1. Restricting to the range 34-55, what's the tally of residues that are assigned to a helix (DSSP H, G or I) and surrounded by 15 or more Cβ atoms within 10 Å (Cβ to Cβ)?
2. Could you check how many residues of the range 1-33 are modelled with pLDDT of 90 or more and either of a type in the set (Phe, Trp, Tyr) or surrounded by 15 or more Cβ atoms within 10 Å (Cβ to Cβ) (or both)?
3. From the set of residues in the range 56-81 that are buried (at least 16 other Cβ atoms within 10 Å of the Cβ) and of a type in the set (Val, Ile, Thr), which is farthest from Ser12 (Cα to Cα)?
4. Can you pull out every residue in the range 68-79 that is under 11 Å from the mean Cα position of the chain (by Cα) and either free of Cβ contacts under 8 Å to residues at least 12 places away in the same chain or assigned to a loop (DSSP other than H, G, I, E, B) (or both)?
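The values are calculated or read from the model by the stated rules, or taken from the named source; none is laboratory data. Please read all numbers here as calculations on a predicted model, not as lab measurements. Cβ sites come from the backbone with ideal geometry, for glycine too, and all protein chains shown count toward neighbours.
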Amino acid sequence: MKKLVAEPFLASYKQVKHLIKLKERYFDIFEFRNGLKDGTHHTLEETGERFGGISGNRVRQLEARVIFEIGQAVGMPTPFD
């Protein structure tokens, strides 16, 4: 089986994912974009096309939201703290 580059992050992500109150679609987009399921990273445009034709900018926004929420779940300080 192919080892994922993001494996250490993936383990942490799986532990906190259930604590985060976001739509499952956000997680699907994040996982697809970052190759957390198949090991292949995808561009903003590829990800947008896969998820109903949303813009690359919207993909970036959703990705940033998931990353922010993960940080909050594990107690990382934010730039606003």
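1. So the count comes out to 6.
2. Summing the residues that are modelled with pLDDT of 90 or more and either of a type in the set (Phe, Trp, Tyr) or surrounded by 15 or more Cβ atoms within 10 Å (Cβ to Cβ) (or both) in the range 1-33 gives 8.
3. Residue satisfying both the conditions and the ranking: Val59.
4. Phe68
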